[in-house]
1. Which of the residues that make up segment 45-56 are crowded, with 19+ Cβ neighbours inside 10 Å and not in a loop (DSSP other than H, G, I, E, B)?
2. Could you tell me whether segment 82-94 includes any residue that is closer than 23 Å to residue 180 by Cα, part of a loop (DSSP other than H, G, I, E, B) and modelled with pLDDT of 60 or more?
3. Which one of the conditions (1) touching a residue at least 12 places away in the same chain (Cβ under 8 Å); (2) in a loop (DSSP other than H, G, I, E, B); (3) more than 17 Å from residue 70 (Cα to Cα) does residue 179 fail to meet, given that it meets all the rest?
4. Answer yes or no: is there a residue in segment 167-176 that is surrounded by 15 or more Cβ atoms within 10 Å (Cβ to Cβ) and either part of a strand (DSSP E or B) or at pLDDT below 65 (or both).
5. Taking the options 105, 111, name whichever one is more than 14 Å from the chain's Cα centre (by Cα), part of a loop (DSSP other than H, G, I, E, B), surrounded by 13 or more Cβ atoms within 10 Å (Cβ to Cβ) and modelled with pLDDT under 95.
């Protein structure tokens with residue numbers, strides 16, 4: 001057999017083995033950046049918060065995106081991709097308030113119905129020349145079969161507004177790799 005052919009065969013074999021082993025090395029050397037977190041959101045009286053949303057903001061990893069989970073009417077939540085490490089937590093149930101915040105534009109929502117002094121968005125949409133021309137939206141129709149998203153399950157219960165702001169909520173938890181249960185207690 002030609003020595004050059006034997007050398008080329010070994011070279012090809014080394015490349016194939018390298019391509020098979022490299023992904024295994026990459027998986028074993030990288031740390032897991034998300035975890036599964038379940039728990040309950042409890043009010044100051046110990047009762048479960050009957051609906052809303054909980055959001056985790058990573059403080060250890062600037063590249064991690066905030067993750068949100070819905071709070072069910074029994075106060076439980078499940079977040080399948082919670083960021084690992086220290087996280088700041090926000091809790092909001094404004095979407096359950098009568099005339100409360102609706103889903104974002106593009107996801108079935110728009111300007112909230114609650115307006116006026118102290119309203120979420122002031123007095124309706126912004127004034128001025130911004131936005132599409134009136135003719136562009138006058139005949140706009142939703143796509144066939146489109147339905148607005150349902151209102152989240154649960155019941156509105158007033159909670160301190162500070163829990164809606166990651167910098168003011170005072171809720172900081174440590175999320176570890178793997179599955180875990182973490183209850184969130186609203187102290188005031």
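The values are calculated or read from the model by the stated rules, or taken from the named source; none is laboratory data. Since the structure is predicted, the reported quantities are computational estimates derived from the model, not experimental observations. Cβ atoms come from the backbone with ideal geometry, glycine included; neighbour counts cover every protein chain shown.
1. 51, 52, 53, 54, 56
2. Yes, segment 82-94 contains at least one residue that is closer than 23 Å to residue 180 by Cα, part of a loop (DSSP other than H, G, I, E, B) and modelled with pLDDT of 60 or more.
3. The number of the failed condition is (2).
4. Checked segment 167-176: at least one residue is surrounded by 15 or more Cβ atoms within 10 Å (Cβ to Cβ) and either part of a strand (DSSP E or B) or at pLDDT below 65 (or both).
5. Just one listed residue meets the conditions, 111.
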